[in-house]
1. What is the sum of charges around E77, taking Lys and Arg as +1, Asp and Glu as -1, for the other residues whose C-beta is under 11 Å from the C-beta of E77?
2. For the peptides 148-155, 213-220, what is the packing order when you average, over each peptide's residues, the other Cβ atoms within 10 Å and list the highest mean first?
3. Given N residues in segment 28-75, what is its alpha carbon radius of gyration divided by 2.2 N^0.38 Å?
4. Mind sorting H97, H16, H39 by how few other Cβ atoms lie within 10 Å of their own Cβ, fewest first?
5. If you build the convex hull over the alpha carbons only and average its shadow over all orientations, what do you get for segment 144-201? Give it in nm² to one decimal.
6. Taking only the Cα atoms of segment 110-210, how large is their convex hull per residue, in Å³?
7. List the lysines whose alpha-carbon lies under 22 Å from that of K236, not counting same-chain residues fewer than 8 positions away?
8. Within segment 199-236, report the trypsin sites (Lys or Arg not before Pro) that DSSP leaves as loop and that have at most 11 other Cβ atoms within 10 Å.
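Every number here is computed from the coordinates shown, using simple stated rules; none is lab data. Everything numeric here is computed off the predicted structure, so don't read it as measured data. Positions of Cβ are generated from backbone atoms using ideal geometry, with glycine treated the same way; all protein chains shown enter the neighbour counts.
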Amino acid sequence: MIGNDLETARENLPSHVAIIMDGNGRWAEKRGLLRYFGHDAGMKAMTEIVRYASDMGIGYLSVYAFSTENWKRSEEEVSGIFKLLLIYVDKELDELHRNNCKVNILGDTTGMSRIVLKALEKVREKTKGNTGMIFNICLGYGGRAELARAARSLAGKVADGTIAPGEIDEDAITDALYTGGMPDPDLLIRPGGEKRLSNFMLWQCAYTEFVFCETLWPDFTKEDFDKAITEYEARKRRFGGRK
Ligand code: FPP
């Protein structure tokens, strides 16, 4: 199996890979298609990469599927993305479960329809006991909103006397994030040509290695994923320390 061969061949596989899946709209526009079809192609690319990353032995894969800012898009585009999410769950849940993947939904689900919430609950419930790759689908996610939520949660604990203000340290904040208990991303991949973080995992990416590429997300392949991993493996990480 390709994935397992790769796993044994690679020396320094990232434990946590995060992906900003960008470029769906431009992919569609270049073909004279509605943006929906770009997201549809993006979903197919995501399906391939999830499978591949899991086979490869990646511990955590986080994808930025819908940001807090994406609510500002047209109602037609937003409902198209959620329709695709429902299709994805319907088609892929059994395979994700067979592959032992545990799916988490990270973000604020306020404003999502009951049918979407039900599907998300079904995915979480079915895969919660799985011990393979943790697959984080970031939905209604924003890094600043996540930090504000963590601050509220810690303030609540101070108010009810569970912790003292002086006990609020970096670990306490880390634990109060959606990603509490998970390692920070080692590698963040952003296809689509833009070189910014776009409010994704702001706290968690303090020492993350970034790989940017021009390929639009729907065209992103296993080979592109391999290339990003290889580039990551060649990086020297010092975490602010000396060489
Ligand atoms: C960014 O591209 C992508 C999104 C806002 C949506 C990502 C959605 C998917 C990959 C498919 C659906 C999958 C799930 C799990 C919901 P963009 O639209 O900003 O592209 P552009 O920069 O070219 O306009």
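1. On the way: positive: R35, K72, R73, K83; negative: E75, E76.
After counting each charged neighbour, the total is +2.
2. On the way: 148-155: 14.6, 213-220: 19.9.
Taking the mean over residues of other Cβ atoms within 10 Å, the ranking is 213-220, 148-155.
3. Ratio of Cα Rg to 2.2 N^0.38 Å: 1.43.
4. Values: H97 17, H16 22, H39 26.
If I rank by nearby Cβ atoms, fewest first, I get H97, H16, H39.
5. On the way: hull surface 18.9 nm².
The orientation-averaged projected area of the Cα hull of segment 144-201 comes to 4.7 nm².
6. Numbers: hull volume 15.6 nm³, N = 101.
Each residue corresponds to 154 Å³ of Cα convex hull volume.
7. K195, K227
8. Values: sites: K222, K227, R235, K236; in loops: R235, K236.
Those that pass, being in a loop and sparsely packed, are K236.
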